[in-house]
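What follows is calculated from the coordinates using simple rules that are stated; it is not laboratory data. Quick caveat: nothing in here was measured; it's all calculated off a predicted structure. FYI the Cβ positions are ideal-geometry reconstructions off the backbone, even for glycines, and counts take in every protein chain you see.
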Amino acid sequence: MTAGADDAHLIDLASRALPSAVGRSAVGLRSWNLLPVRDAARQIRSCCASTVWAATLAEERPVAGLDALCAASERIILTLPWDEVAAALAGHPRIGQAPTGKGEEAASSRREQAGVAADPELAQALAEGNRAYEERFDHVYLVRAAGRSGQEMLALLNERLGNDPTVERDVVRQQLAEITSLRLRRLWHEGEA
């Protein structure tokens, strides 16, 4: 084994021995820091569908911790060209609509939107709002669903329909950054990386 492979193997063994989520997170990030760029980018793609974001974040390693990782991710997302943001949006279902995919990104969306479709009137209002939003802005309505009720997301949708397209693109980038940070944190706290 090479020195890098030895380090990765020891880190992997240590991560299995640590019982706390914080311990898994720290060890997992150390291990992620040692991966080749392509493999590191592949590991985080479930958090955001932008290949440019994943490659750029992987190239900026090593990261000292989860907060530093999320800060770097946010900075990258806020400066992505719009076509990359649009690529990331393609990985998100409409709010109130069940994701159809089978990957980790679809599972994250299902978790984040849990309970929204339980109210048929709310589901109908969200479907109508989604249509109006997509007609106005030509892309899916993106909002951080985690920690928000369906009514809150509907109110935000209606409020954002009043934005001009430039302002709305900034809001979308910020929402994408928040969603991605939550997913990165979940990825390492659940010991998946």
Sort Trp53, Trp82 by Cβ crowding within 10 Å, fewest neighbours at the top. Trp82, Trp53
In the neighbourhood of Trp82 defined by beta carbon distances under 10 Å, the net charge of the other residues (Lys, Arg +1; Asp, Glu -1) is 0
Can you tell me how region 35-95 classifies by the Cα gyration tensor, rounded, prolate or oblate, using a/c under 1.5 as the rounded cut? prolate
Most exposed first by the Cβ proxy, i.e. fewest other Cβ within 10 Å, how do Tyr141, Tyr133 rank? Tyr133, Tyr141
What's the exposure ranking of Arg183, Arg42, Arg30, going from fewest to most Cβ atoms within 10 Å? Arg42, Arg30, Arg183
